[in-house]
Structure formats: structure tokens, C-alpha cells
1. Please list, short to long, the whole-number percent of alpha-carbon pairs of the range B:1-75 in consecutive 10 angstrom bins beginning at zero.
2. Using only alpha carbon pairs under 8 Å that are at least six residues apart, calculate the relative contact order of the range B:143-250 and give it in whole percent.
3. For B:Ser196, B:Ser30, give the ranking by accessible area with the largest first, probe 1.4 Å.
4. Which percent of Cα pairs goes in each bin when the distances of the protein assembly as shown are cut into 10 angstrom slices starting at zero?
5. Running a GNM on chain A with Cα contacts under 10 Å, which residue among A:Ala230, A:Ala86, A:Ala54 ends up with the highest mean-square fluctuation?
6. Build a GNM of chain B with springs between Cα atoms under 10 Å: which of B:Gly230, B:Gly169, B:Gly36 gets the top mean-square fluctuation?
7. Rounded to the nearest 500, what is the 222 nm mean residue ellipticity of chain B from helices alone, with -39500 (n - 2.57) per DSSP H run of 4+ residues and division by all residues?
8. So which helices of chain A fit the span-like rule, where a helix is a whole DSSP H run, its Cα atoms reach 15 Å or more along the axis, and its mean Kyte-Doolittle is at least 1.0?
Amino acid sequence: MLPRYAFTIAGRVCRQLLRDRRTMALIVVVPIVVMTLIGLSFPEGIVLDRIAPALLATMALFFSFLLTGISFLRERSQGTMERLMASSVSRLDVVLGYLLGFFIFALTQTLIILLFTIYVLDVNYNGDLWQIFVFQIVIIAGAVNLGIFISTFARNEFQMVQFIPLILFPQVFLCGVIWPVEQMPEYLQWIGRFLPLKYGVDGLRDIMLSGMSLIDVWFELLVLVGFTVATSVLATLTLRRGVGG
Amino acid sequence: MVTSDSKQVAVDINEVTFRYGNIRALDALSLEIPAGISFGLLGPNGAGKTTLIRLLVGLLKPKHGSVRVLGEVPSRRVAYRIGYMPQLHSLYTELSVQQNVDFFAKINRLSGGAERARRVEETIRLVDLWPRRNDSVVKLSGGMRQRVSLACAIVHNPPLLLLDEPTVGLDPELRVTFWEHFANLNEQGVTIIVSSHTMDDAAHCDHLAFMRDGRVIAQGGPEELRSDTGQTTLEDAFLYYVRSGERNAA
Ligand SMILES: Nc1ncnc2c1ncn2[C@@H]1O[C@H](COP(=O)(O)OP(=O)(O)OP(=O)(O)O)[C@@H](O)[C@H]1O
Ligand SMILES: [Mg+2]
């Protein structure tokens with residue numbers, strides 16, 4: 001049961017994306033365009049400073065989820081999943097392989113967003129840059145797994161697209177991205193506690209606004225790591241060996 | 001390459017029934033396929049050929065009856081000893097021909113860099129795509145993709161090949177090459193199970209099973225089936241069985 005093929009699959013995932021020049025260009029350009037627009041819409045730097053941690057957490061989660069979810073689904077629709085499942089590779093190989101493969105791209109994308117936000121949009125922050133980045137890595141790992149997990153529920157691209165708002169909107173509205181959680185009704189705050197983005201936003205705010213360290217935000221880190229482990233287990237379990245049913 | 005347990009029977013299918021919801025795709029089907037031959041599964045659309053092959057690779061599990069391949073219940077444990085070519089091309093279209101073949105060589109336990117590279121090259125040359133090895137699959141024609149798909153199935157030298165309509169879209173010259181290669185593999189002890197619609201393929205097989213509505217309605221060597229029915233072509237022999245089946249059913 002050792003995942004001996006995870007690296008082989010990860011390598012293939014990377015090669016696949018790298019050969020698709022347009023996708024590669026979009027992976028770099030789109031987050032920059034989005035961040036530029038957001039930056040321009042906040043003429044007062046101080047406001048942007050305050051909202052930046054929440055934006056960074058949301059982008060890391062959302063882009064990673066999308067990239068993985070759609071790519072994983074393609075594996076099924078183009079029939080290669082059938083070949084993989086008929087081979088000796090285990091489901092854990094597939095999930096870990098995808099996690100590793102996409103992680104590299106999600107990481108690149110997140111690093112671009114982070115550096116762009118800080119050096120081009122000139123957002124002020126406290127805390128260490130590397131600690132901010134490490135915290136984001138944990139967010140991404142969970143999001144990549146979530147993408148794999150959710151895509152096992154979609155039979156085709158149309159169905160997958162329906163899941164995107166379902167994953168995105170509740171988290172954006174209930175996790176304090178736009179307005180403070182404390183101003184929401186009790187029951188909404190309660191729901192928010194089950195959403196990973198809440199911990200991403202809280203942790204990143206503590207680091208970037210209050211200058212805390214990774215050790216100070218251990219609780220948020222722990223929850224996000226737990227979420228990553230839970231989603232990889234779920235993704236492995238829901239990946240059916242069978243086809244067409 | 002071929003181990004002792006596969007010397008006699010490569011595939012043993014015993015009273016297998018399989019349903020997709022209400023559709024009965026296989027109906028108490030039994031087949032015993034000896035090792036080292038080319039076995040043809042023939043039948044019209046929806047006869048259950050793909051379903052049968054998916055059961056043999058372990059993608060589907062029989063609801064009733066039992067299946068054994070190379071002496072074992074289909075699972076990941078035997079999977080690397082099977083070469084499976086799905087009916088759809090099932091390739092990574094962004095990747096090159098070589099990258100596709102190499103990937104499937106790797107996940108089927110073909111290890112050792114130089115040995116694998118040699119085997120990958122040999123297989124791509126066999127399907128006559130070596131000059132196009134660096135092209136993305138997306139740039140290839142339908143028949144070329146079919147050839148890459150076949151290469152991915154046979155690259156790791158498995159003792160059992162399950163090929164779902166491997167000759168669809170191939171030009172006549174390549175068809176001949178393929179069947180020559182299959183005959184070579186048979187001599188080395190490899191068992192090849194091929195599904196097809198064309199009687200041209202059927203004539204190349206050592207043994208045939210005519211399928212219809214999830215059942216085997218007749219089986220035997222191509223000559224045998226022709227002479228038993230008193231028909232001159234395999235097409236007519238097949239139609240003969242289909243019609244006599246209908247008569248019996250009526
Ligand atoms: N994923 C599926 N879900 C539901 N029914 C299916 C599915 N796949 C096949 N069937 C049904 O099972 C029956 C057998 O199909 P199968 O694909 O095995 O036929 P086949 O002999 O391979 O046909 P073809 O020559 O067209 O490839 C058909 O009636 C088909 O409609
Ligand atoms: Mg079929």
C-alpha cells in the first residue's frame with residue numbers, strides 16, 4: 001500500500017501543465033490582473049493594508065481549489081482515469097501524486113500574488129514574509145485536496161462549475177473576508193467555524209496585521225493541517241476504482 | 001515473462017452476470033480462454049464486450065459469478081501483468097507520444113532508466129510513430145492516437161493483453177503489421193483478447209466468441225464456425241447464429 005507511484009504521477013501532472021503554454025501564462029497573469037484591479041479599487045492604502053490578509057488567504061484557497069478540481073475532472077472525462085484505475089497504482093498514489101503536482105503550481109501562483117501585493121501594490125505588513133508564505137502553503141495543501149475531493153462528486157465539467165460558488169461564496173461571506181465575523185448573527189458565526197477559510201483569514205491577519213509568529217497562530221495552523229489530512233483521506237476514499245457509475 | 005500459473009488458462013469467466021441499473025449487460029456468461037492465443041470477442045454494439053473486458057481488468061465487479069485472470073481475482077495485484085487498452089483513446093493530450101508511453105511504462109513497474117527507454121522506443125517504433133514521438137497527442141490524427149493508445153497498453157510486456165477494439169481507425173497496412181506482431185506475441189506465450197466488429201480481425205484470431213445481448217451465442221475457431229454453419233464468410237456465419245438465436249427465442 002506504499003504510495004510508490006505518487007512521484008511518477010506528480011511528475012506527469014507537472015509536465016502536462018508545463019506543456020500547455022497558454023495555461024501557464026494564465027496561471028501567472030490572471031492573479032496579477034485580479035490583484036491590480038483590487039488594488040486600484042482601494043485608493044486609500046490603509047484600507048488595502050487591512051483587507052490584504054483576507055484577500056491573500058481567499059485567493060490561495062480559491063485558485064488552488066479550481067486548478068486542481070478542474071484538472072482532476074479532466075482525467076476522468078478524457079478516460080485516463082480508467083487506465084490509471086486499471087493499473088497497479090493505488091488511490092493514495094493518485095491523490096498524493098496530484099497533491100504534489102498541483103502544489104508546485106499553486107505555490108508558484110501564491111508566491112506571485114504575495115510578492116505582487118507587497119512589492120507592487122505596496123501593501124504594508126507586519127510579521128516575517130517567510131512566515132506569511134509558510135502559512136499560505138498550509139492553506140494551499142488543504143485547497144488542493146478539497147479540489148480533488150469535490151471533483152469526485154462531479155461527473156462532468158458542468159457539474160464541477162456548479163460546485164465553485166458553493167465552495168467560494170459561503171466562505172467569503174462567513175469567514176470575515178468582507179465584514180467582521182462578530183457583526184454576524186450567532187448561528188452564522190457558528191457555521192463559519194467549520195469553514196477552513198476562517199482559519200486562513202484569522203491566522204494571516206494575526207501575522208500580517210498584528211505581527212504575530214507562526215507559533216502564536218498554532219491553533220489556526222493546526223486546524224488547517226487537520227483539514228488537509230481530512231480532505232486527503234476523504235479524497236482517497238471517494239476515488240472509485242470503478243468507472244461509469 | 002510468462003509465469004507457470006498462466007500456462008493453461010489465462011482467463012476463466014464463470015456464470016457472470018452484470019447489470020448497470022436495469023440494463024443487463026452480461027447474462028450468466030461463461031468463457032475459458034487458454035493462454036498463448038489470440039481470442040476474439042465479436043458482437044454488435046451493446047453486446048457487452050466492453051463490460052466484459054472491464055470486469056477482467058477489475059474496473060467492474062461481477063454481481064454474480066466469478067472472474068479469474070492469470071489465476072487470480074482481478075485486482076491491483078495482477079494489474080501490472082495485464083495490458084489494457086480502453087475503447088476510448090484515454091491519453092494525456094497535452095503530453096507527447098513519448099511522454100504518454102513512458103508514463104504508462106513507469107506505472108506498470110517497468111523500472112530501470114535505460115531498459116525502460118529502450119522498451120519505450122521499441123514500442124513507439126512498432127506503432128510506427130517514432131518520427132512523431134515529440135508531438136503532442138492533440139496534434140495527431142485519430143488513427144495515430146489509436147496507435148499511441150495501443151503502445152501504452154503493450155509497453156510493459158504483459159503476459160495478458162485486453163484490447164478493446166484496437167484496430168478501429170487503422171489503415172489496412174498497419175492492421176497487417178499489428179496482427180503480425182500479435183502472432184509474434186502469441187508465440188512468446190502472451191494471451192491476447194481483442195474485441196472487434198470486423199470480420200477481418202476475426203479471421204486473424206485463433207478462437208472466437210460471438211456475443212449478443214450479454215451472452216456468447218457461439219464459439220470456435222474461424223474455420224470451424226464457417227464450416228459448422230455452412231457459410232462461406234464469417235459475416236454470414238455470425239448472422240446465421242444471430243438469426244438462429246432469434247428463431248430459438250421466438
Ligand atoms: N456506464 C454505463 N452505464 C449504463 N449502461 C451502460 C454503461 N456502459 C454500458 N452500458 C450498457 O451495457 C450494455 C453493454 O454495453 P457495452 O459497452 O459492454 O457494449 P459493447 O459490446 O462494448 O458495444 P460497442 O460495440 O458499441 O462498444 C449496453 O446496453 C449499454 O447501454
Ligand atoms: Mg465497447
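The values are calculated or read from the model by the stated rules, or taken from the named source; none is laboratory data. Bear in mind that the values here come from a model prediction, so they are computed numbers and not experimental data. Here the Cβ positions follow ideal geometry from the backbone for every residue, glycine too, while neighbour counts run over all protein chains shown. Accessible surface is based on the protein model in full, side chains and every heavy atom, while ligands, DNA and RNA are left aside. Shrake-Rupley method; radii C 1.70, N 1.55, O 1.52, S 1.80 Å.
1. Distribution as computed: 19, 52, 25, 4, 0 percent.
2. Details: 100 pairs, mean separation 20.2, N = 108.
Dividing the mean separation by the residue count of the range B:143-250 yields 19 percent.
3. Working: B:Ser196 10, B:Ser30 50 Å².
Greatest to least solvent exposure: B:Ser30, B:Ser196.
4. Taking every Cα pair in the protein assembly as shown, the percentages come to 4, 17, 24, 20, 14, 11, 7, 3, 1, 0.
5. A:Ala86
6. B:Gly230
7. The per-residue figure over chain B is -11500 deg cm²/dmol.
8. Length and hydropathy pass: A:21-41, A:45-77, A:91-115, A:129-151, A:157-174, A:218-238.
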